[in-house]
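To keep things clear, I will list the structure first and then write my remarks on it.
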Amino acid sequence: MAISKRLPTTSDFPSTWTLTVSPSPSSQQPTNILILLHGLGDAHLPFAQLGTQMNLPETACISIKAPEPLPFEASSFHWGDDLIFDNSVGTIDPDGGFKKVVPRLVKEVIEDTLIKTCGYQPRELVLFGFGQGGMVALSIAVSMEKELGGVVSVGGPLPSESPASLSPKRKTPIIVCSGTDSPWVTSSAQDKLKAVFESVQFNRYRRSGDTMPKSRDEMFPIMQFLARRLKSSAGVPEGSVELSA
């Protein structure tokens, strides 16, 4: 028997996860779920605010805190299996392996809670990740053979542990945003993404830095992508302008 779709609550998820659930705008029945995955050294609350600001129709947002704290940083977290320090630049390498966290997110958050408990279909789930969170989001889409609603990754490529190619390719559409001088979304990283996913879109900022979008022009391709992929039970509202690829 089909499960009636409903808004998830924090109590639906295992207590091992710290997360926030933001309902759809104007208390609309959520047709879609946007899962937000923060970057290395951050936490879930700023991304929860981002989900609310995006104000996506019929879309509830779930912002998840990475499970591992950074050493000596009580309010900073990471998704990796290990902490790898890049001595050449004096920072932490975000590609720390995700063999522990990705299966947990797929089973505990997506399959057991959102699909089995709350009644959503994979096609109604969209992932949005920044930096290391983008790597995790793309890894989730690789690990799931079913088509998801889509993946938005800002400054995050596929991690090195992901397969170099897949046949058949994953059907989940993705958009990857980055700066002109991205050290992560390189030409080889782009080739790998195109060898793994069937539908890939790249959005290069006209500036350096793999930061979150800073202007309407930088955010527009993401909103255009979401407009194509988010499902609607109400149809297109009167007066709306349809966005095309």
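None of the figures in this text is laboratory data; all of them are computed from the coordinates on show. Note that the coordinates shown come from a computational prediction; the quantities given were computed from them, not determined experimentally. Ideal geometry is used to build each Cβ from the backbone, glycine not excepted, and the neighbour counts take in all protein chains shown.
Mind counting lysine pairs for me in the range 10-229? Cα separation below 14 Å, and the two need to be 8 or more apart along the chain or on different chains.
The result is 8.
Sequence-distant or interchain residues sharing an amide H contact under 5 Å with residue 199, placed H: which?
174
Which whole-Hz ³J(HN,Hα) couplings does the range 71-78 yield from phi under the Karplus relation 6.51 cos²θ - 1.76 cosθ + 1.60, θ = phi - 60°, glycine and proline marked x?
x, 6, 10, 5, 10, 10, 9, 9
Taking H placed 1.01 Å from N in the peptide plane, check which residues at least 5 places from residue 93 or on another chain put their amide H under 5 Å from its amide H.
Counting only residues 5 or more places away or on other chains, the set is 84, 85, 86.
Residue separation times 0.36 nm, minus the C-alpha to C-alpha distance between residue 160 and residue 116: what's the value?
Between residue 160 and residue 116, full extension yields an extra 12.7 nm.
Among 38, 78, 44, which comes first, then next, by fewest other beta-carbon atoms within 10 Å?
Ordered by Cβ neighbours within 10 Å, fewest first: 44, 78, 38.
Per residue of the range 152-168, what does 6.51 cos²θ - 1.76 cosθ + 1.60 with θ = phi - 60° give for ³J(HN,Hα)? Whole Hz please, x for Gly and Pro, Karplus curve as stated.
For the range 152-168, the Karplus curve yields 10, 10, 9, x, x, x, 5, x, 5, 6, 6, x, 6, 7, 9, 9, x Hz.
Efficiency by 1/(1 + (r/R0)^6): what FRET value for residue 70 and residue 100, r their Cβ-Cβ distance, R0 = 22 Å, to the nearest 0.05?
Working from the Cβ atoms, E equals 0.85.
With θ taken as phi - 60° and the coefficients 6.51, -1.76 and 1.60, list the Karplus ³J(HN,Hα) couplings across the range 186-195 in order, rounded to whole Hz; mark glycine and proline as x.
Values, residue by residue: 8, 5, 5, 5, 5, 4, 5, 4, 5, 7 Hz.
Hey, got a sec? Which chymotrypsin sites (Phe, Trp or Tyr not before Pro) in the range 1-74 land in a DSSP loop and have at most 16 other Cβ atoms within 10 Å?
Qualifying residues, ordered by number: 72.
Counting helices only, and only those DSSP H runs with n ≥ 4, report the 222 nm mean residue ellipticity of the chain as the sum of -39,500 (n - 2.57) divided by its residues, in deg cm²/dmol to the nearest 500.
-6000 deg cm²/dmol
Ranking 200, 154, 21, 109 by Cβ neighbours within 10 Å, fewest first, what do you get?
200, 21, 109, 154
May I ask you to list the trypsin sites (Lys or Arg not before Pro) in the range 45-108 that are in a DSSP loop and have at most 15 other Cβ atoms within 10 Å of their Cβ?
Taking the range 45-108 and a limit of 15 other Cβ atoms within 10 Å, the loop trypsin sites (Lys or Arg not before Pro) found are 99, 100.
Starting from the amide H of residue 18, placed 1.01 Å from N in the peptide plane, find each other amide H under 5 Å away whose residue is 5 or more places distant or on another chain.
The answer is 65.
Sort 118, 61 by Cβ crowding within 10 Å, fewest neighbours at the top.
118, 61
Where does the charge balance sit around residue 131 when Lys and Arg score +1, Asp and Glu -1, over other residues with C-beta under 9 Å from its C-beta?
Residues close to residue 131 contribute a combined charge of -2.
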